[in-house]
Every structure is written in C-alpha cells, then in structure tokens.
Amino acid sequence: MAGRSNSSLRVPVSKLRRACDASVFKFKTTAEVAPLEGTVGQARAVEAMDFGLSIEAAGFNLFVSGPPGTGRSTELRMQVERIAAGRPAPRDWCYVFNFKDPARPRALSLPPDRGHQLSDDIDELVETVRAEVPKAFESDEYAQRRDQVNREVQAQREQMFGALQKEADARQMAVNATPMGITTVPVVEDKPLTKEQYDQLSEEAKRDVQARTAELDSIIAQFVPQLRRLDRDVAQLLAELDRHVMVAITEPLIDDLKRDYASQRDVTDFLDRVREDMVSNLDAFRSPEEQPQTPIPGLAANLRESVLNRYTVNVIVTHDGEASAPVVFEDSPSYYRMFGRIDYRTSFGSMTTDHTMIKPGALHRANGGFIVVEALDIFTQPLVWETLKRALRTQQLMLENLGEQLSIVPTATLAPEPIPLNVKVAIIGNNRIFTILQSADEDFRKLFKAKADFTIDVARDAQNVQAYARFISKQVSDLGMRPFDRAAVARIVEYSARLAADQEKLSLRMMDIVDVLVEADYWACDEGKKVVAAKYVEVALEKKIYRSNLMEERIQEFITNGTIKVDVKGEVAGQVNGLSVYDLGDYAFGRPSRITARVSLGRGQVINLEREIQKSGPSHSKGFLILIGYINGKFAHRQPPSFAASITFEQVYDEVDGDSASSTELYALLSAITDVPLKQGIAVTGSVNQLGEVQAIGGVNEKVEGFYAVCKAKGITGEQGVIIPKDNIHNLMLRHEVVEAIRKGEFHVWGVSTIEQGLELLTGMPAGKARKDGSYAEGTLFRRVTDTLESMTRRAVEVNRAAQRELMAPIPVLPAAAAKGTKPRDNGARPRRRREDA
C-alpha cells in the first residue's frame, strides 16, 4: 500500500515545468510585431493612475505603489505626459522689486510666454532711459533753462546783498561773504579798519564801533534765513527742472508699455512704481562724471547698479513655446531643488541679496501641471516632506531658505510673496511605505487619496503571452537591439513564469526581463548574428547565474567534501534534510540543511535551539509552536506527554526564519520519538498547521534544484527526491536538467497534503488512522508513537515514585563510635521535611 501511495504522490513530469510552444506566435521575428504601448497586465493600476492624474479635486494626489521593475515609472511617465498634453500651459511667474516694502518682493503672474517679454521690455526701458537722460541733461535747452534759473536767483541774491551793503554803508561798515558765513568789518575813509588801527582807537570810539557792529549783525541775522531760503528755492527749482526732464523722458516710454500690458493690472501697477522711482533716482541715470565723488572706490557704481537692479524682472517660471501643462520628474528632491532658494552675494565683507537672487524649485516649474518624485528620496531629505505637505495643504508656495527654519536666531532676509500652488503630485513607492504613511500620518490620508497599485504578475493566458511578444518588440525598437525569433520569445515567456514562480502566471518585473533581453542581444552580437535565437537567451540566463552563484558553489563544495554534513543515502532516526533558500538580492539558491531531533524523559518541553540563542525569526518560532500544538493535539488526549526534546538546524549559524521547515522538524521529532529511521535521500519542505495539513511555501524551485545539485555531486541513486506541499506543484518551473533527471527516474518530486503522507514516504510505514477509541492499528507509525509515549510516561511515573520513596526514607542512626565527640541529637525515624528547592 505504501508503494502505491508513493507512486500516486509523485509529481508527473508534465507538471514540473510548463513550456511555451513557439508555434503560438505567428511571426518569425519581433520585427513583424507591433510594439506595445504601455505595460503588460497592469489594467487595474493604469485605470487608477488615470483617475488620480485626471481628477482635479483638492487632495487627490497620487501614490503609485508596487515593487521596482514592474513598469510603474515608465507607465506613469506615459500617462502623465498624455494627460498633460491635453491641458493648457499655466501662467508665467516673476518676482519684482517691492517699492513699498523692499524686503517682500512682489510676485507677478503673466500669461504663458509673457514673462521673458516683460523682462526684456523692462531691460530695454532701463537702457533707453540711461541713454536718453544724459543727452537731455547735456542739451542746450536744459543748459539755457538751468542758466535762466541761476540768473534769476543770482539777481535776487545781488539785490539782497545790495540792500545789506546799504545798511552797512549807513553804519560805516563793510560786509564780506565767505564760505564760513557773512563777516562785518568797520570802515575808516573807505578802508577796512585793521586790528592795529582798532587797538589805537579810544575807548569811546571802540564802543561806537561795537554798537554799529551789533546793529549790523542783527540785520545780517535776519538776512541769512532769507538767503538760505533762496538757496532752497533754487535747489527746488533745479530739482523740479530735472524732474520735469525725467518725466518727459520716462512717461511716454512707460505709457507705451502700459498699453501693451493693459489687461495685466499687477504689471501696470508695477510700471507706475517704476516711473516714480526712476524720477526719484534720476542721478542713477546720469553719466558717471556727474556722480558725486566718494572716498570708497567703486561705491558710486555699486550704488548706481543697486538702484538699477530694482527694475530687473526675475522670471521664475516661463513656458516659452509650451502648449501644454508642465511635467517635472525630480530625481533629486532636496529642499532647495524642490522649493527654490534665495541666494546671497558678497559685498564689502557682508552678504546681501535682492529679488533677482530668488531661484525657482521643481514645484515652481511644475505649478499648473504635474510633478513626480520617489518616496524614499523625499523622506531622506530634511524638511522636504513636511514642507511639501504644507504647500499642498495651504495651496501656496512659500519661498524661504532652509537655514531660516533651523536657525535659533532670526535674521533679516527677504520674504517673497507666496505663489498660489496648483500642482498634481505623484509619489512612487511601495506598499510598505504606503501602509506606514496611512497609519502614521494624518495629512497623507487627506492629501493622497488616489492610489495606483502595480502587481508583480499576471495570468499566463493567450492575450498576455502575445502582449509579452509586443513588449519585447517595443524594447528591441527602443534599445536598438536585434529582433528576437519566436523561439527566443517563447523562452523569455518561460523565464517570466519562472520569475513569477507559477506555471499559470507571467512576471511583471519588466526590469529583469529587459536585462535578459539586452544580454541575449549581446551574445548574439558576439557571434555576429542578426537575429537573437533561443540559445542566446539560454546563454544569457546561464551567464547571469554564473556571475552570481559563487556562494552557492562554495556551499556545494563544502557539502561535497563533508565540511557541511548532509547525507543523501541511507536511513537515520531523528534526522532529516530540510531545505532553505538563500537570497543574495540578484540571485537565490536552495541549500539543504541537516535537521536533527533528540528525545528524552521530561514534561513535554520541546526546545527550539535556534530560538534559545535568539537566531530564530518570528515566522520560524511560530511554525515551531504549531508543530508542538500538533503533537499535543494528536497524542496527548489521555495523558500529558512525558518527554523532552530538542530540535536544531545543524551547521547553520545565520538567523533562521520562515515556517517552511515546520513539517521537516515534525518529521524529525516523530522519528526521534519512535526511533523509526528516515530516508536521507529525501529532502523535505513545507509548513504545517495544527491539524497536520502541509501548506504551501516559497522558493520551491530553488529548493528542489538545490537538493538535486547536492545529490548529483555526491552520487545519484535513483531513490532521491524532494517532498513538497501539493499546493506548490503549480509553482514548479524547474530547470531543464532537473526535469530531464526526473524523466529518467534518477530523481523524484512528491507532492503531499498531510503529514501522514510525508511520513509514509520518509519511513516506508503507514502513518495510521485513529480509531474511535483514539488508538492506532499495529504496524503503523502513530501506533509506535503512542506506545513510545505511554512507555515513557510509565517510566517517568516509576522514576518519580522512586524519587519520592527516597525523599520519604528515614534518616539512618549513626553508630556510637561514629557519634563519639558529637553532641547527641534526636535521630528518630521521622519523615524529613522536603526542601522547597528540591
């Protein structure tokens, strides 16, 4: 019966690998196939992506989820560019000087393609004014009007000095105008009185001179304010003349510009401010010779340039020649690249800035359109995520340097007006990041309400197989490769199913598929072929493995020479070969490990040695506890188990995780309890539940191939093979070499659904089925388990009784000779009190 069961559990060769018949393709090479636009099998994600990008309601930004290499970035680029093409280009944005509040530059919005036009118009205006002003101030008309003002003022000045001189003559005094003011001198015979002559005067004459001088000083005191008022009036007249000249130059020029920008109220208001400021700062437009002298070389020029800088229009974002909404893919979303910055320049040892030093960020360029960023990139940059959320929440793009947010001491700097933000943000990440954000960040749920989830595989049906051919055609065209024949395409389809680890699926890890295409094209080119045949796909796959499987070969070498002990022949009790998968990132391989179990009398404690040394992952620990639950539920109905056991992975020093070894550990434990040997030529994988059902696991192909490689190296016997869960049969896509060995009967794969089936394969004994009273028939493995456990229970009872009798035995009385010299004590036959720690 065991033999018939063995045969029925063997996986047929037809189910070990699902080949792709090249005849399903009606072309000879992919040159005849229309390239695929888009991705294969991502209809759900594409629909969700279209919704998230198309909806314009607030908060419906898009999170694109899925593993790398599934085409999520490529598809997102296609979709966002398609949708952006149907939307108009947004308005241009500029920053200009704020004449009312210089620390707060104004933001101007203009229709598309008008930002640079305004900047050029203002630059032309400034140059025109700079050219015209010196000419106007050097003209004869201006000189005549200025001379006329000066003559009129000079006549008034002379008239005032004439009246003052009359007052002085009447008092025999003379007046002189000096840079220090107006001085008075006594006059004698029409000559100024010298100091020597004054000293020779009598006291009465001196008093007379002093009185006349005081009278004249009083008159001069009234004259000086009038003279100063005259100077102010002349200055005002000359300034008014200059202002009139400046207005005559600037007004027609600016009026022409205002007519061009009549529909842009903010621009016309800015032009009015420019005109007023130009008139107020006309000295900046004079020739350098007329600039005031300064002790610091170059300072006048710097001041002049500082004034002229006010009129510069800093175009932040423009859409010259663009007819659609912008699309920005930001590959390095640092704070400044995302939100812009305010630069500084060194001037006379200090740092200065102005509105022309404002630089835009990716959000400025994407405003009115779309921006795409990677999740990990924005979360690893300081303050980027928080600032992005604030911008989306307030729908305003504020521009401030990173240091201003982190500095403890506030500093004087620019605070540009915020720009209204209307942008669709698409973040590319994975499901783990999405789950964390959903649970930990309330703002994320409000701002990213659309999700496009890319899957890693798709059904292997006729439609998707043909789509795969079109995808290959697209890659051949885009990358300039040689066309692939249909046999090569069929081999790629098989490789895709291998990547998906499912005969009924095709992998959508397109990055890995493209890598194989490129390498196959390389090997075909190396041999001078014009078409890539199936053999070059095989070469590419073999070379890919060869470059990555150094560790696998080393481990196989250690197993072959006996350094790592793995038996593939004979039978041993309490020992079985388990299978695990080592994932190196770019390559995964299976490795057999010896799992052993030892049993002794005890109280039902089963020790997981990996867990004891903290080398057991949570999944493995759970699987171990499940097998204990199976043992207790199966064999401990009448009495508690009276055994202790330890189970371990021999010569495994890394962390052990996953529950795929729980059935293997259970086989080893049952074998150790019953002392029934297990076949070492059979390796086992599969998790088990508490009902004894064997459940599916991952990495089944690598595990089968790993054990086959060990058996091949140590000698094929024809009795070797691997027990896998029956539910994993559809995951088999074994290499051709392994399939051929199984076809020849040199190797085997069995699929089991219960622990009983696995035990029968490993021991050659029927496991047994419980009767109504819970017992098992003679000759079954489970009968031996129950008999062994009952025997151990009886032995444990006997041991406990013997120990109790020893504890209750009377203390013997010492002979008198032995007690000589000791203090007598009561040694009556009393029961000893049990120590609490016994």
Could you tell me the calculated FRET efficiency between residue 773 and residue 740, based on Cβ-Cβ distance and R0 = 60 angstrom, to the nearest 0.05?
0.75
Total charge of the residues flanking residue 374 in space, meaning their Cβ is under 11 Å from its Cβ, with Lys and Arg +1 and Asp and Glu -1, is -2
Quick check: residue separation of residue 260 and residue 655 times 0.36 nm, minus the Cα distance between them. What number comes out in nm?
134.7 nm
Which residues qualify? For residue 450, with a placed amide H closer than 5 Å and at least 5 residues away or on another chain, they are 61, 63
Please list the non-local residues whose amide H lies under 5 Å from the amide H of residue 694, H modeled 1.01 Å from N, same-chain partners needing a gap of 5 or more.
754, 755
Per-peptide average of other Cβ atoms within 10 Å, ordering 239-250, 788-799, 488-499, 620-631 highest first
488-499, 620-631, 239-250, 788-799
With labels modelled as points extended 7 Å from the Cα through the Cβ direction, what inter-label distance (nm, one decimal) is found for residue 305 paired with residue 151?
4.3
Protection proxy ranking of 372-384, 602-614 - average other beta-carbon atoms within 10 Å, highest first
372-384, 602-614
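Count neighbours as other Cβ atoms within 10 Å of each site's Cβ, and list the GluC sites (Glu not before Pro) in segment 53-151 that are DSSP loop with at most 16 such neighbours.
Qualifying residues, ordered by number: 56, 138.
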At 1.567 mPa s and 4 °C, plugging the Kirkwood radius over alpha-carbon pairs of segment 574-638 into Stokes-Einstein gives what diffusion coefficient in µm²/s?
92
Extension length gain for residue 101 and residue 346 (0.36 nm per residue less Cα distance), in nm, is 85.9 nm
Rounded percent of accessible protein surface that carbon and sulfur make up, segment 1-99, 1.4 Å probe:
55
Relative to the longest principal axis of the chain, what angle (0 to 90°, nearest 10) does the C-alpha long axis of helix 462-479 take?
50
Scan around residue 678 for amide H atoms under 5 Å from its own, H built in the peptide plane at 1.01 Å from N, and keep only partners 5 or more places away or cross-chain.
572, 573, 574, 575
Is the shape of segment 437-568 rounded, prolate or oblate, going by the alpha carbon gyration tensor and its root eigenvalues a ≥ b ≥ c, with a/c under 1.5 for rounded and a/b larger than b/c for prolate?
oblate
Sorted list, accessible surface of protein heavy atoms, 1.4 Å probe, largest first, for 195, 565 is 195, 565
Can you compute the modelled spin-label distance between residue 449 and residue 142, with each label point 7 Å from Cα toward Cβ, in nm?
6.3
Taking a point 7 angstrom from the Cα of residue 696 along the C-beta vector, which residues in segment 455-482 have backbone N less than 14 Å away?
457-460
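Kindly work out what percent of the DSSP beta bridges joining two residues of segment 632-781 are antiparallel, to the nearest 5. Intermediate values should be presented prior to the final figure.
Numbers: 3 of 11 bridges.
That works out to approximately 25 percent antiparallel.
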Taking the convex hull of Cα positions in segment 485-546, its mean projected area over all directions (nm²)
4.0
Roughly to the nearest percent, how much of the accessible area of segment 576-725 is carbon and sulfur, given a 1.4 Å probe?
47
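Please work out the average accessible area per residue across the chain, using the 1.4 Å probe convention, and give it in Å².
With the other protein chains kept in place, the chain gives 52 Å² per residue.
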Label point distance in nm, residue 395-residue 801, each placed 7 Å from Cα along Cα→Cβ
8.8
Given 0.36 nm per residue, what is the gain on full extension from residue 538 to residue 479 after removing their alpha carbon distance, in nm?
19.2 nm
Sites residue 413 and residue 269 - FRET efficiency at Förster radius 30 Å, r taken between beta-carbons, to 0.05
0.75
Sequence neighbours fewer than 8 away in the same chain don't count; with that in mind, list the lysines whose C-alpha is under 19 Å from residue 769.
634
Rounded to whole Hz, the Karplus (6.51, -1.76, 1.60) HN-Hα couplings of segment 71-77, x for glycine and proline:
x, 5, 5, 5, 5, 4, 4
What trypsin sites (Lys or Arg not before Pro) does segment 32-138 have in DSSP loop regions with at most 14 other beta carbons within 10 Å?
100
Would you mind getting me the FRET efficiency between residue 571 and residue 21? Use the beta-carbon distance for r and R0 = 41 Å, nearest 0.05.
0.45
Given the -39500 (n - 2.57) contribution per DSSP H run of 4+ residues, what per-residue ellipticity at 222 nm results for the chain, rounded to the nearest 500 deg cm²/dmol?
-15500 deg cm²/dmol
For peptides 718-724, 331-337, 349-355, sequence by mean Cβ density within 10 Å, most packed first
718-724, 331-337, 349-355
May I ask you to evaluate 6.51 cos²θ - 1.76 cosθ + 1.60, the Karplus curve with θ = phi - 60°, for each residue of segment 425-438 and list the ³J(HN,Hα) values in order in whole Hz, giving x for glycine and proline?
9, 10, 9, 9, x, 10, 5, 5, 5, 4, 5, 5, 5, 4
Restricting the count to DSSP beta bridges whose residues both fall in the chain, what percent are antiparallel, rounded to a multiple of 5?
60
Residue 529: which lysines have alpha carbons under 23 Å from its alpha carbon, excluding same-chain residues fewer than 8 sequence positions away?
26, 28, 474, 543, 544
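The values are calculated or read from the model by the stated rules, or taken from the named source; none is laboratory data. All figures in this text were calculated on a predicted structure; none of them were measured in a lab. A quick note on method: Cβ atoms are made from the backbone with ideal geometry, for glycine too, and the neighbour counts reach across all protein chains shown. Ligands, DNA and RNA are stripped out before the accessible areas are found, and what is left, the full protein with its side chains, is counted by its heavy atoms. Shrake-Rupley method; radii C 1.70, N 1.55, O 1.52, S 1.80 Å.
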